[in-house]
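Each remark here refers to the structure printed beneath this line.
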Amino acid sequence: MNELLALIVAKYNFWLYIVLMMIGLYAMIAKNNLMKKLVGMNIFQTAIILFYVSIGYKHGATLPIIQGGHGPHDAVIHAADYINPLPHVLMLTAIVVSVATFGVAMALCVKIYQKYQTLEEDELRIRLSEK
Amino acid sequence: MIYFFSCIAVGLCLIMILPLYRCLMGPTVLDRLVGVNAIGSKTVVLLLLIGYLYERVDMFVDIALAYAFLNFVAVLAASRYFHKRKGLYEESFME
Amino acid sequence: MKLLGFVVICLTGGLLIYGTMDLPNWGDPASPASTHLSDYYIENIVEETQVPNLVTAVLADYRGYDTMFETAVVFCAGLACFLLLRDFRPGKNRYYRHIPTGVMLHFKNPDTRMIPGNEFEHMDKDWVPSDIIIKTVCRILIPFIQIYALYVVAHGDFSPGGGFQGGVIFGSSLILMAISYNLRTLMKRVTEKFLSIFAATGVLIYVGLGVLAMIMGGQFLDYGMLAPLVPWDPGHIRALGMLGVEIGVGIAVMAVMVIIYVNIVSEGRHDEGL
Amino acid sequence: MHIIINILSVSCLLMGLVFFIGGAVGIMRMPDFYSRLHPAGKLDTLGIFTMVAGLVIYNFHHLSLGMVLLSIKMFLIVFFVFLASPTATHSIVDAGMRAGLRPWTQKKEKE
Amino acid sequence: MLWPIDLIVLTFVIFCAIAAITVRDLLGTAILFSAYSFLMCLLWAVMGAVDVAFTEASVGAGVSTVFLVAAVFRTSRRSKD
Amino acid sequence: MQKNGNEKNQAGFFSFMITFVFMFITWIVLSGYFEPLLLGLGVLSSLSIAWFFHDLLFAGAVIQDIKVFLRFCQYAPWLIVEIIKANFHMLYLVFHPRMHQLIDPHIIQFQTGLKSDIAITTLANAITLTPGTVTITANAEGGFRVHAIDRKSAEGLPGVMRDRVAQVFGENR
C-alpha cells in the first residue's frame, strides 16, 4: 500500500501531463472546427513543454539564477542547488515559435473564412467539391 | 512563517475553485470573463507567495507585474468585442 | 470520427502511461537529465560570461545559433501574415465624428477624405461612442508599460526576462493603444513602413553582431572577440554582446507582434479593428 | 520587534484571504451578471492591496536599500491594479449593456 | 511544500482544457484558453522555471488571446461541436 | 499665430521633460542597480519613450498641474478609507444568508459639472472602486449612469465624492 502511494506521489505529474496531451490530440483528431483544432494543437504543445520543464525540476533546489552573481563573486557553486536550466532554454524557444505559428494559422483561418464563409471542416469539404 | 505562507498559498488555490466554476459553467460569455478576471487577480498574489517560498521574491515581482498588465489587456480585448459586434447569443445558439 | 479519435487517444495514452513507469521520479535530483551536461553549465557560466541568469546565458551565447534562427522564424511569421492578408484596395466607407456635437458623418465615396484634428475624429464601422474612461486610463498606463518593457529587455542578464518577453510586452502596449483608441490612431503613430523596417532591423542586429565577431577574427557569434571595439570593461564583453542580441530580438518580436495583430484584426485593410 | 512584524503581517494576510473568499463566494451566489461584478471587481482589488501590504511588512525583517526598492516595486503592482481593475470592470459592464443583457431586479422576483 | 499547489493547479488546468474544447462558442473558447494560459504560467512558476513562466505570461496569456479574439472577430463565433 | 505656436512648443517641451523625469524615476525603482551602463540605458529608453509618446501621459500639462497633483495626494487616503468602509458592507452582503432579499439592483443617472477627461475618469473609477456601485457609462458632458446593488450604496451618490473630485481638479461640480 505504501509503495503504491509512493509511486503515485512520484508519478502523478506525468500522468496528468499525458491526460492533457491526449485532450489536445483528441481535439486535433475529432473536432470539426478549425479554430478548435488550433486550440487543441496549442494544448498539445503546452503539455510537451510541461513535460520537459518538469524533467529539469529538482527537489530542494532554487531558481536557475545565481544568487549574488552580479558583481564580484567567489562562492563555490554547487550544481545540485540550482534547477537544471537546459530544458527551460529549449522550451523558451518552443513557446515563441508556437505563438508565431499560431499567428500564421489565425491568418490562414481568416483567409479561409473570406473565401468559403465557413470554418467547419465538413462544410468546407462540400464547398470544395462544388467548385 | 514560511509554513504559514505555504498554507495561505494553498488556501488561495482552493478559493480559485469558485471563480473557475463560474468560468467553466457560466451561462453567458461575459460570466466567463468575470471568472477569468477574478482568477487573474488571485494569481498575482499567488506568484508573490511562491517567490517567498523560494526566498527569491525579487525574481517573481517582475512576473507578477507583467501578469497583472496582460490580464488587463486580455479582458479589455475580449470585452471590446461586444462594443463592436452586437448580440450575446448571436450565432452559437441559432441551431 | 469521434469514436475513432477516442479509441486512438485511449490506446496512445495507455501506452504512454505504461511508459512513465521507467521515467525518473518527479523532482529527483539524481535523474539522468540533470547529472551530465547541465552541471557543467551551472558551475562554469558565471566565470565564463559574468551573467548570473543561466537561461539567458545559454540562450544567447552557448545556443546563440539556435536563437538566431528562432528570431528568423518569428520574422518569417510576420512576413507570412503580411503576404497572406494584406489588401491594398481602399475601403469603401469612412466615418467621422464631430467631437463637440457628436454628429456622425458617413462618406460612401472612398475619395472623399477629411483630415482628423481637433474638430473631427476617425470612427470605426459601427456607431461606437467614445469611451472616455478606457481611453484616459490607457493613455496614462501606456508609457509606464513601455518603460517596464524596456526594463525587462535591459535586465535580461540579472533577472527573468529578456528580448522575447520585453518585445512582446512592448508590442502588446501598442496593441492596447489600438484597442483603446482605434486602429487608425495606432497606424498613424507607428506606420507600416516603420514596423517592417524595425522587424528587419532586429534580425539584422543579431546577424550583424555575429558577422562582426567573424570579421574580428573569431567564430560566428563569438562575443569575446568584440573586446577591442568596446573601450571599457573587457571582462563583461560577453554580457554586453548578449545585451545587444537581446535588443535585436526585442525589436524584431515587438514589430512582428504588431504586424500580425494588425493584419488579422482588419483583414489586411488597416482600417478598423477591435 | 520581530514578533510585532510577524503579527501585523499575518493579520494582513488573513484579512486579504477573507476579502478573496468574499469575492469568490460573491461570484457564486449573486443572481445575475451585473451583481456578480460587484464582489468580483472590488473585493479582489482590496484583497490584493491587503495581501501585498502584509508581504511588504514581512520585508521589514531585513531592512536594506534593495529591500525598500523591492517594496516600492510591489506597491507598484497595487498602484497598477487600482488603476486597471475598475477600468476592466467598467469595460465588462459596458459590454454587457451593449450586448443587451437585462439586469436582474427585485420586483421581477416578486411577481 | 510546493507540491500541493502544483497538484491543485494541474487539476484546474485539465478542467480548463476540457472546457475550452467542448464549449460551443468560439469566444468562450478564447476566454477559457486565456484562463488556461494563466494557470499554466502559475504551474511553471511553481516548478522554478521563471523565464518560461514570464514568456508564457506575456506570450500565451496576453498576445495569443488577443490574436484568437481578433480572429473570432473577423470570422464567426459559430462552432458545431 | 506665432505666439500661439510658441506656447504650444513650450507646453510640448514641458510635457516632454516631465514625462522623462517620471519615466526615469520609474526605471530606478524597477531596476535597483546603480551602475553607469544600466543608468545610461535607463536615460536612453526614458528619452526615447518621452520623444515618441510624450503626448500620452500628460497631454497639455502646465506648471499649475503640480497643485492638482498635491491635492490628489490628499484625496487618495480619504478614498482608501472610504473603499475599506464600503468593502465591509459588501462582505456583510455576500455572506448574509438571505442575500437575495437584501440586494436591490437598479440603475441611477445623475449629472455633474465635470468637464475634463481626467476628472471624469477619476470620479468614474472612484465610483467603481467603492463597492455597491459600478459606472456603466460616462459621457464627455459629465453625465453618469451607475448600477447600484442596493439602496444604501445608491444614496451616497453623487454627493461627497463628486465634491471631493471637483475640488481636486478645481472644477465646478
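Quick one, could you list the DSSP H helices from chain E stretching 18 Å or more along their long axis (Cα atoms) with average Kyte-Doolittle hydropathy of 0.0 or above?
On the way: long enough: E:3-22 (29 Å, 2.23); E:26-46 (30 Å, 2.00).
Span-like helices here: E:3-22, E:26-46.
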Worksheet item: Can you give the alpha-carbon Rg of region E:3-74 over 2.2 N^0.38 Å, where N counts its residues?
Response: 1.14
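Average partner chain C-beta neighbours within 10 Å, per residue of A:35-44?
6
Filter the cross-link list D:73/F:85; C:135/E:80; A:37/C:108; F:67/F:152; B:42/F:85 down to pairs whose alpha-carbon distance in this structure exceeds 32 Å.
Working: D:73/F:85 26 Å; C:135/E:80 37 Å; A:37/C:108 39 Å; F:67/F:152 34 Å; B:42/F:85 22 Å.
The pairs that break the limit, which is 32 Å between Cα atoms, are C:135/E:80; A:37/C:108; F:67/F:152.
If you count, for every residue in D:45-57, the Cβ atoms of partner chains within 10 Å of its Cβ, what is the mean? Write out the running numbers ahead of the final one.
Details: counts 6, 10, 6, 7, 4, 3, 8, 4, 0, 2, 7, 0, 0.
The mean count of partner-chain Cβ atoms within 10 Å per residue comes to 4.
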Fill in: Cα-based helix-to-principal-axis angle, D:65-99 vs chain D, degrees rounded to 10
0
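If Lys and Arg each add +1 and Asp and Glu each add -1, what is the summed charge of the other residues whose beta carbon sits under 15 Å from the beta carbon of residue F:41?
On the way: positive: none; negative: C:157, C:233, C:246, F:35.
Its environment carries a net charge of -4.
Given a Förster distance of 56 Å, report the FRET efficiency between residue F:101 and residue E:22 from their Cβ-Cβ distance, rounded to the nearest 0.05. Please list the in-between numbers first.
On the way: r = 36 Å, r/R0 = 0.65.
Efficiency for this residue pair is about 0.95.
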Worksheet item: Radius of gyration and Dmax for region D:2-52's Cα atoms, expressed in Å?
Response: 13.2, 46
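From the convex hull of the Cα coordinates of region A:1-56, what is the mean projected area in square nanometres? Let's see the in-between values first.
On the way: hull surface 17.2 nm².
The number I arrive at for region A:1-56 is 4.3 nm².
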Worksheet entry | Top of C:58, C:153, C:256 by mean-square fluctuation, Gaussian network on chain C, Cα under 10 Å | C:58
Worksheet item: If one computes P(r) from the Cα atoms of chain A, what percent of pairs lie at distances over 26 Å?
Response: 48
Worksheet item: So how compact is region F:2-57: Cα radius of gyration and Dmax in angstrom?
Response: 13.5, 45
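So what is the calculated 222 nm ellipticity per residue for chain F, using -39500 (n - 2.57) for each DSSP H run with n of 4 or more, over all residues, to the nearest 500 deg cm²/dmol?
Details: 7 runs with 115 residues, N = 173.
It lands at -22000 deg cm²/dmol.
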Practice prompt. Return the distance in nm (one decimal) between the two label points of a simple spin-label model at residue A:11 and residue C:40, each offset 7 Å from Cα along Cα→Cβ.
Written response: 3.3
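Taking the inverse of the average 1/r across all pairs of different Cα atoms in chain F, what Kirkwood radius in Å do you get? Could you put the intermediate results ahead of the total?
On the way: mean 1/r = 0.0524 Å⁻¹.
19.1 Å is the Kirkwood radius here.
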Practice prompt. Report the paramagnetic label zone for residue F:43: residues of region C:225-242 whose backbone N is under 19 Å from a point 7 Å from Cα along the Cα-to-Cβ axis.
Written response: C:231-233
Fill in: For region F:68-168, the fraction of alpha-carbon pairs in successive 10 Å shells from zero, as %
15, 47, 29, 8, 1
Fill in: Label-to-label distance, nm, for residues given as residue C:7 and residue F:108 (7 Å Cα→Cβ offset)
6.6
Worksheet item: When all C-alpha to C-alpha distances in region A:75-131 are sorted into bins of 5 Å, what percent of pairs does each bin hold, rounded to whole numbers?
Response: 4, 15, 13, 11, 10, 8, 8, 7, 6, 5, 4, 4, 3, 1, 0
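What whole-number value in cubic angstrom gives the convex hull volume per residue for the C-alpha atoms of chain C? Can you show the working numbers first?
Details: hull volume 61.0 nm³, N = 274.
Output value, Cα hull per residue: 223 Å³.
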Worksheet entry | region D:48-111 - Kirkwood radius from inverse mean 1/r over Cα pairs (Å) | 15.0
Practice prompt. Starting from the Cα of residue C:188, step 7 Å along the direction of its Cβ; do the same at residue A:29; then give the gap between the two resulting points in nm.
Written response: 5.4
Item to complete: Using only the Cα atoms of region C:160-247, each taken as one equal point scatterer with no solvent, compute I(q) by the Debye sum, divide by I(0), and report log10 of the ratio at q = 0.21, 0.22, 0.26 Å⁻¹.
Response: -0.98, -1.03, -1.23
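Quickly rank C:79-88, E:15-24 as a protection proxy: mean count of other C-beta atoms within 10 Å, highest first.
Details: C:79-88: 16.4, E:15-24: 20.8.
The most tightly packed comes first, giving E:15-24, C:79-88.
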Discussion item. Using only the alpha carbons of chain B, what is the convex hull's orientation-averaged projected area in square nanometres?
Written reply: 7.0
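Once Rh for region C:235-274 is found with the Kirkwood sum over Cα pairs, what is the Stokes-Einstein diffusion coefficient at 25 °C and 0.890 mPa s, in µm²/s? Working shown, then result.
Working: Rh = 12.0 Å.
Estimated via Stokes-Einstein, D reaches 204 µm²/s.
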Fill in: Hull shadow area, averaged, chain D [alpha-carbon convex hull, nm²]
8.5
Worksheet entry | Rh by Kirkwood over Cα pairs, then Stokes-Einstein D for the protein assembly as shown at 0.890 mPa s and 25 °C, µm²/s | 87
Discussion item. Given R₀ = 45 Å, what would the calculated FRET efficiency be for residue F:171 paired with residue A:122, taking r from the Cβ atoms and rounding to 0.05?
Written reply: 0.15
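Values in this text are rule-based calculations from the coordinates and carry no lab data. Remember, predicted model here, so these are calculated numbers, not experimental data. Reconstructed Cβ throughout: ideal geometry from the backbone, glycine too, with neighbour counts over all protein chains shown.
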